[in-house]
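Some notes on the structure that comes next.
Computed from the coordinates by the stated procedures, all read-outs in this text should not be read as laboratory data. Source: prediction; values computed, not measured. Using ideal geometry, Cβ is built from the backbone for each residue, glycine included, and neighbour counts are taken over all protein chains shown.
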């Protein structure tokens, strides 16, 4: 039985959202205390946000009051040093005169924007798989993540990764990454939340969609059908980045694969998932409504705008403020598509040989990728863009993983683009050569799937492409010989 999660996520505007009135801020005080001595939080928040704020000290007082009221501590925000550093670099005048008043306004609109005072949680069944927000609605949620008014979803650890407080302290594992996320957040507040023409776009013109896709029930029948091998293009770049082109925004209907964890979201370092979500405040509320991904589930996010370009990976990153855009292409962000696919953590698996080649492992990864790629059948995308999904920290072998993605893309009938840094030029060329050779034959998805299953399990890392090339050549020669004999 799959684990059971709540059907709804309670919002701070609900009368059932309670707190200890530690500072006696509720307007009617003890008259509304329940049997546990708690009061509804929303009137307390309204009282807190009614106080004038025109300095960093005043802002910290507000944030501390909210945090201590709800959880008895300001952790993990700590000294707020990085947050204050970003506000100062932006200009305190801009923040307190322009941004803060708008944040208060949008935050207090929650009962109007979410009249049910709760959000449906994705994935209770195949029918509860889609949430659509207006930009103003998702801005309201992001502002509450900034204010730290939100509770920890039941499926997440109480480590602060459901709101932005993890970015505020000077004590960071990777300060450069956290500074980039705070810069993105402030730009989002300034350029989107504070601009009526951005935040008031109707949902019919620009929606932010969170969709949980399930493996089709007909999957076994689908993979039994032989389909032509999809176009696969390998692109070598000097460094990875998050420019519009790299996020699929400047191209026609391109979706980007993210090597995500089962519990999706943002963090304090610079994994691919943390970077792509952290620079995209409109994607951050996924943490509130997305339980851990099941082995037959992926999350698709559409319409979340990224605010900064991060160049490089891991600890070797630099930040380019703002986005290099062509004239008139701003609204292209509403087409941006992010595919959250959790890969197996093969570095945690013991055993000899190449773990990627285990029959169950290959089947699981191919099904996961097909679930993501087949979401293109709604016409929203025609090409999948991916880095080395499931490699790096996940421990996967790039050769095996890219072949499995190619098989999944071919089965879904969608083109695949693999992006590699220039240090992987040799791998990129070998992958392109094998793909080109196989595309010249008459083989399709059934042949490729069978060939992958025949790969010796004892192969070492980096030997798969060579074996596959020879295997395809042998099969092609056998087919030609049989044809000649006939």
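Classify region 198-262 from the C-alpha gyration tensor, please: rounded if a/c falls under 1.5, else prolate or oblate depending on whether a/b exceeds b/c. Don't skip to the answer; put the middle values down first.
Numbers: a/c = 2.12, a/b = 1.25, b/c = 1.70.
Cα axes put region 198-262 in the oblate bin.
Principal-axis analysis of the Cα atoms of the chain puts helix 56-71 at an angle of about 80° to the longest axis. Does region 215-486 classify as rounded, prolate or oblate by the C-alpha gyration tensor (a ≥ b ≥ c root eigenvalues; a/c under 1.5 gives rounded; else a/b over b/c gives prolate, otherwise oblate)? Prolate.
Before rounding to the nearest 500, sum -39500 (n - 2.57) across all DSSP H runs of length at least 4 in the chain and divide by the residue total; then give [θ] at 222 nm in deg cm²/dmol. For the chain, the value works out to -10500 deg cm²/dmol.
For the chain, the relative contact order is 16 percent, taking Cα pairs closer than 8 Å that sit 6 or more residues apart in sequence and dividing their mean separation by the residue count.
Which order, highest average first, do 463-473, 408-418 follow once you tally other Cβ atoms within 10 Å for each residue and take the mean per peptide?
Values: 463-473: 16.5, 408-418: 22.8.
Highest-to-lowest ranking by the protection proxy: 408-418, 463-473.
Does region 1-200 classify as rounded, prolate or oblate by the C-alpha gyration tensor (a ≥ b ≥ c root eigenvalues; a/c under 1.5 gives rounded; else a/b over b/c gives prolate, otherwise oblate)? Provide the component values of the computation, followed by the final result.
Numbers: a/c = 1.41, a/b = 1.17, b/c = 1.20.
Taking the square roots of the gyration eigenvalues as a ≥ b ≥ c, region 1-200 is rounded.
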